[in-house]
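Enquirer: Encoded as structure tokens, here's the structure I'll be asking about.
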Amino acid sequence: MSPDTPLKIGAYELTSRLIVGTGKYPSLEVMQLAHEASGAKMITVAIRRIGLDGANGKTMLDYIDRRRFRILPNTAGCRTAKDAVLTAQLARELLGTDLIKLEVIGDAETLYPDTVETIEAARELVADGFTVLPYIIDDPTACKRLEEVGCAAVMPLGAPIGSGLGICNPYSIRIIRERSGVPVIVDAGVGTASDAAIAMELGADAVLMNTGIAAASDPVAMALAMRLAVEAGRTAYLAGRMEKRLYANASSPMTDLIGTPR
Amino acid sequence: MIGVVATINGQARELAAGITLEALLRELDVAGNAVAIAVNQRVVPRARFGVHAIGEGDAVEIIQAVAGG
């Protein structure tokens, strides 16, 4: 068995194929323990205005050890390419990273991405020197367009953000993987360990999740479960699964059974 | 002294004329290395906080990293 190769995203290499978020945890201490248990090397944060009422104490950056974790800022909540581009530029100035999880939302209830604005923002950000990881619908054509404008990866959703519905359209994820020249990271929808394993078995290069861990009753235990599931799914993908068949195929010999005539 | 009116994170505020971004952050009790700032849709590098003066009608966005996925 040959060991897995690191995941390459643009100029970056990651030894973990699980990327985790910082939202919705019951406490920052639980979040830190969950990050540890997940084995993740990359962690997402959001970018928001500061409050003007003087209540600015510690920020999220005080809870992430940047010697051990790479930060992936996002443009979550942006509704236009223009806002997403400026948010990315602010994130780069704040964090000193050219990595950006590009998210341009097209609908408030489903949080489905706005494909047109996402592609436009991706084009501008690539031209501005960013390593762009766009959240996108599980659409092979949209993913291809994003690859063509120079994104370092594509991040199709498994299901709506925070829904925990799992990988709703496994065939799309498989087609996206088969046709993509850049890493495919399933972003959003993973609710439990089997969802993560399925994403990886389909050939996803990595999985990005937040709520699946943070909203579990025990986020630290779920972080470990997700780590194991991503590793199991990845290993199974590399191992190459058996072909499915409609009828049984005995594992034990069908001859020399007792009580049968010779 | 005549002040300037600028929009800080969406709120109109009256500020001292010639106030720099660094002075504004001090007034807001915010550490410069915890934020990034855009003025009129353009990022101002941190190294320029001390010299960039806020002008009349400027739209200033001050952001930080927060929890998210």
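Each reported figure results from applying straightforward, stated rules to the coordinates on display, with no laboratory input. Predicted model, so just to flag it, every value in this text is computed and none were measured. Counting neighbours? That spans all protein chains shown, and the Cβs are built from the backbone with ideal geometry, glycine included.
Enquirer: How many of the residues making up the range A:151-181 are buried (at least 24 other Cβ atoms within 10 Å of the Cβ), more than 14 Å from chain B (Cβ to nearest Cβ) and in a loop (DSSP other than H, G, I, E, B)?
Expert: 3
Enquirer: Six or more apart or on different chains, Cβ under 7 Å: which pairs go from a residue in the range A:145-165 that's touching a residue at least 12 places away in the same chain (Cβ under 8 Å) to one that's in a helix (DSSP H, G or I) and of a type in the set (Lys, Arg)? Could you list them?
Expert: Correct list of pairs: A:149/A:123.
Enquirer: Sticking with this one: Can you name the residue in the range A:59-83 that is among the β-branched types (Val, Ile, Thr) and within 19 Å of the chain's Cα centre (by Cα) and is also farthest from residue A:28 (Cα to Cα) among such residues?
Expert: A:75
Enquirer: Moving on to the next point. Just a yes or no: is a residue in the range A:32-45 surrounded by 15 or more Cβ atoms within 10 Å (Cβ to Cβ), facing chain B (nearest Cβ under 8 Å) and touching a helix residue (DSSP H, G or I) at 6+ places or on another chain (Cβ under 6 Å)?
Expert: Scanning the range A:32-45, I find at least one residue that is surrounded by 15 or more Cβ atoms within 10 Å (Cβ to Cβ), facing chain B (nearest Cβ under 8 Å) and touching a helix residue (DSSP H, G or I) at 6+ places or on another chain (Cβ under 6 Å), so the answer is yes.
Enquirer: When the range A:111-128 is examined, which residues are found to be more than 18 Å from the chain's Cα centre (by Cα) and in contact (Cβ under 8 Å) with a residue 40 or more places away in the chain?
Expert: Matches in the range A:111-128: A:121, A:124, A:125, A:128.
Enquirer: Which one of A:62, A:53 is outside any loop (DSSP other than H, G, I, E, B), free of Cβ contacts under 8 Å to residues at least 40 places away in the same chain and either surrounded by fewer than 16 Cβ atoms within 10 Å (Cβ to Cβ) or within 12 Å of another protein chain (Cβ to nearest Cβ) (or both)?
Expert: A:62
Yes/no matrix, rows are residues, columns are (1) in contact with a helix residue (DSSP H, G or I) (Cβ under 9 Å, 6 or more places away or on another chain); (2) in a loop (DSSP other than H, G, I, E, B); (3) more than 17 Å from residue A:113 (Cα to Cα):
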residue: A:186; (1), (2), (3): yes, no, no
residue: A:199; (1), (2), (3): yes, no, yes
residue: A:204; (1), (2), (3): yes, yes, yes
residue: A:226; (1), (2), (3): yes, no, yes
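Enquirer: Only residues that are hydrophobic (A, V, I, L, M, F, W, C) and part of a loop (DSSP other than H, G, I, E, B): list them for the range A:68-106, please.
Expert: A:69, A:76, A:78, A:104
Enquirer: Still on this structure, I have one more. Identify the residue in the range A:204-262 that is hydroxyl-bearing (Ser, Thr, Tyr) and touching a residue at least 40 places away in the same chain (Cβ under 8 Å) and, among all such residues, is surrounded by the most Cβ atoms within 10 Å (Cβ to Cβ).
Expert: Filtering first and then ranking leaves A:211.
Enquirer: Would you list the strands (runs of 3 or more DSSP E) that sit entirely within chain B and hold 2 or more residues that are over 29 Å from residue A:210 (Cβ atoms)?
Expert: By residue number, B:4-8, B:11-15, B:42-44, B:59-66.
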